[in-house]
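Remarks on the structure that follows.
Computed from the coordinates by the stated procedures, all read-outs in this text should not be read as laboratory data. Predicted model only: the values in this text are computed from it and were never measured. When we count neighbours, we look across all protein chains shown, and the Cβ atoms used for this are built from the backbone with ideal geometry, even at glycine.
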Amino acid sequence: VSHNQVTEYLRPRALEEALALLHNAGKSARLVGGGADVALSLGNEVSTLIDLCNLGLSTIEDTGDQIQIGATATLNQVLESADIKAMYGGVLSKMLQKVASPLLRNIGTIGGTLVSAHPWSDVIPLLEVLGAQVTLYDGQYQTYDISKLYESRAIFTGSIVTQVAIPKADGRDFAAFHKFSRTGYDVALLNVACYLHMGNDGCRKSRIAIGGTPHLASRVAKVEEALNKERLTPETIEQVALVARDTTKTANDRRATGEYRKQLVYAGVKQCLSEILDKSEDNK
Ligand SMILES: Cc1cc2nc3c(=O)[nH]c(=O)nc-3n(C[C@H](O)[C@H](O)[C@H](O)COP(=O)(O)OP(=O)(O)OC[C@H]3O[C@@H](n4cnc5c(N)ncnc54)[C@H](O)[C@@H]3O)c2cc1C
């Protein structure tokens with residue numbers, strides 16, 4: 001980033017104002033959450049930065065059936081929230097402890113994380129399986145299921161992400177996340193997120209997402225089908241981990257080979273489902 005490229009750094013105090021500034025400046029403007037990614041990759045055309053941190057969008061609220069996280073809440077704020085720690089056995093907080101470093105988590109916002117959508121993101125697969133909904137403002141508020149959000153990145157153009165809402169768990173909802181990385185601060189070689197709703201007679205609903213394949217997280221429909229109505233046992237887990245390994249598309253990149261990633265898919269699905277099995281047995 002060149003030092004004299006940015007000529008305006010704006011801190012609007014209202015959402016409407018931020019949107020008007022964005023629309024007026026067009027391609028020369030870039031929104032800033034924490035700025036962790038903006039600081040690393042600013043296009044040559046950008047001369048105006050619009051900082052979103054004064055819009056009052058940093059709260060985390062329990063509305064009864066959802067936890068609503070404002071877009072400019074930092075990753076550490078989310079990690080430390082008592083409401084977040086109380087849901088799904090604290091799975092979101094445990095995942096966030098594995099995201100980058102504490103310093104970076106003090107900067108990075110949940111909104112910036114969703115818009116950057118790094119293919120190895122740890123946040124996106126877990127939010128996906130938890131059925132998160134993301135609200136964007138472009139003059140009107142529109143709420144999208146997170147699974148629809150990445151069908152076209154154009155959705156973010158000219159919009160401001162305002163919040164992420166996560167449905168709260170009932171006693172039969174379980175989730176687990178596993179990240180494989182070379183070191184504690186490194187990005188994922190691959191990650192796995194699982195959500196299961198358990199009925200009396202077995203698994204009623206499941207969502208499994210695998211990220212860093214090396215592509216952005218996607219669901220593994222074959223595993224979700226294979227789990228349907230099954231009792232969760234070590235044998236079922238072994239079977240579906242093999243289905244996951246054989247049906248997840250993986251590829252080579254500089255971090256790992258596609259073949260190695262297949263083994264990680266197997267190990268990650270097994271790990272997550274075994275964790276859920278333990279938790280569901282503790283709950284009986
Ligand atoms: C060294 C390093 C290590 C990392 N390790 C991990 C890791 O292990 N796991 C992981 O999951 N992630 C990791 N990350 C990603 C990191 O979590 C994100 O880069 C960071 O959280 C981005 O948030 P931000 O608020 O700083 O985004 P910003 O840099 O402010 O913004 C990112 C993008 O989003 C846009 N934007 C920001 N806020 C909004 C909004 N509210 N509405 C619309 N557009 C918006 C910006 O214009 C920009 O295009 C790592 C990043 C770095 C730099």
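Using θ = phi - 60° and the Karplus relation 6.51 cos²θ - 1.76 cosθ + 1.60, list the HN-Hα couplings for the range 135-149 in order, rounded to whole Hz, with x at every Gly or Pro.
Values, residue by residue: 9, 10, 10, 10, x, 10, 8, 10, 10, 10, 5, 4, 5, 8, 5 Hz.
Using alpha-carbon pairs under 8 Å, 6+ residues apart, how would you state the relative contact order of the chain in percent? Don't skip to the end; give the middle numbers.
Working: 566 pairs, mean separation 41.0, N = 284.
With pairs under 8 Å counted, the relative contact order is 14 percent.
When the helix-only estimate is applied to the chain (DSSP H runs of n ≥ 4, each -39,500 (n - 2.57), divided by the residue count), what is the mean residue ellipticity at 222 nm, nearest 500 deg cm²/dmol? Present the calculation step by step, with values, prior to reporting the outcome.
Details: 11 runs with 98 residues, N = 284.
Calculated mean residue ellipticity at 222 nm is -9500 deg cm²/dmol.
Which is the longest run of the chain containing none of the GluC sites (Glu not before Pro) found in DSSP loop states (not H, G, I, E, B) with at most 14 other C-beta atoms within 10 Å? If you can, show how the numbers build up before the last one.
Details: sites that count: 45, 151.
By the stated rule (loop sites, at most 14 other Cβ atoms within 10 Å), 152-284.
Can you give me the relative contact order of the range 38-186 as a percent, contacts being Cα pairs under 8 Å and 6 or more apart?
Details: 200 pairs, mean separation 39.0, N = 149.
Relative contact order comes out at 26 percent.
Per residue of the range 201-216, what does 6.51 cos²θ - 1.76 cosθ + 1.60 with θ = phi - 60° give for ³J(HN,Hα)? Whole Hz please, x for Gly and Pro, Karplus curve as stated.
Residue by residue, the range 201-216 yields 9, x, 6, 8, 8, 9, 9, 10, 10, 10, x, x, 7, x, 8, 4 Hz.
List 110, 146, 124, 60 from most exposed to least, where exposure is judged by having the fewest other Cβ atoms within 10 Å. Can you show the working numbers first?
On the way: 110 29, 146 22, 124 25, 60 19.
Ranking 110, 146, 124, 60 by Cβ neighbours within 10 Å, fewest first, gives 60, 146, 124, 110.
Once amide H atoms are built 1.01 Å from N in the peptide plane, which residues 5 or more positions from residue 32, or in another chain, come under 5 Å H to H?
Excluding prolines and chain starts, which carry no amide H, the hits are 50, 51, 52.
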